[in-house]
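To start, the structure itself, in structure tokens.
The values are calculated or read from the model by the stated rules, or taken from the named source; none is laboratory data. The shown structure was predicted, so the numbers you read here are calculated from the model rather than taken from an experiment. Here the Cβ positions follow ideal geometry from the backbone for every residue, glycine too, while neighbour counts run over all protein chains shown.
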């Protein structure tokens, strides 16, 4: 059984999530460059996946920052309300991304073309590097979740596991 979380645990969780957010931002930037260079439907889907993951990690970081800097753990709107609003926002963003992916896929099926260029090479490199980065972050967040029994860190652990699996899938 684990003891109560200390201020040091909270700060280390915040740092871990912030590092994950920065890695997700860099990944989003690289995928954006690859998408623009290759104009591929798969890279468009990867861009939206990466963007959504970046938004999710950023919102988690903002939530833990708010908790760590809260006024004696009293939140004027309650954490549940904040989680619900964030979930609605992410759900709306996911719906918009899905619609854009479907429209682009149909357009490319009606007017097919070959993909080529440096964008594909950038994407391959990005998928390889971020498979390892996300694997490392998955293990690190899983250990932090087990050490502190933190639902937020458990969610982050699962997110980075799915990011790693997604990178391997897109690479293949």
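For segment 32-42, taking the residues that are over 12 Å from residue 116 (Cα atoms) and modelled with pLDDT under 85, the one that is nearest to the chain's Cα centre (by Cα) is identified as 42. Counting the residues of segment 125-172 that are at pLDDT below 90 and either more than 18 Å from residue 20 (Cβ to Cβ) or touching a strand residue (DSSP E or B) at 6+ places or on another chain (Cβ under 8 Å) (or both) gives 5.
For segment 1-21, the tally of residues that are in contact with a helix residue (DSSP H, G or I) (Cβ under 9 Å, 6 or more places away or on another chain) and either assigned to a helix (DSSP H, G or I) or at pLDDT 85 or above (or both) stands at 13.
When segment 146-172 is examined, which residues are found to be more than 30 Å from residue 44 (Cβ to Cβ), without any contact (Cβ under 8 Å) to a residue 24 or more places away in the chain and either exposed (fewer than 14 other Cβ atoms within 10 Å of the Cβ) or more than 17 Å from the chain's Cα centre (by Cα) (or both)? 146, 151, listed by residue number. Total residues in segment 101-118 satisfying the condition of being modelled with pLDDT of 85 or more and under 20 Å from residue 27 (Cα atoms): the figure is 1.
Being in a helix (DSSP H, G or I) and without any contact (Cβ under 8 Å) to a residue 24 or more places away in the chain is the filter here, so list the residues in segment 22-73 that pass it. Show your work before the answer.
Of the residues in segment 22-73, the ones in a helix (DSSP H, G or I) are 22-38, 41-68.
Answer for segment 22-73, where residues must be in a helix (DSSP H, G or I) and without any contact (Cβ under 8 Å) to a residue 24 or more places away in the chain: 22, 26, 29, 32, 47, 62, 66.
Within segment 88-135, the residues that satisfy the criterion of being surrounded by fewer than 14 Cβ atoms within 10 Å (Cβ to Cβ) and closer than 17 Å to residue 168 by Cβ are 124, 125, 128, 132. Of the residues in segment 115-142, how many are more than 15 Å from residue 44 (Cα to Cα) and not in a helix (DSSP H, G or I)? Total satisfying the criteria: 1.
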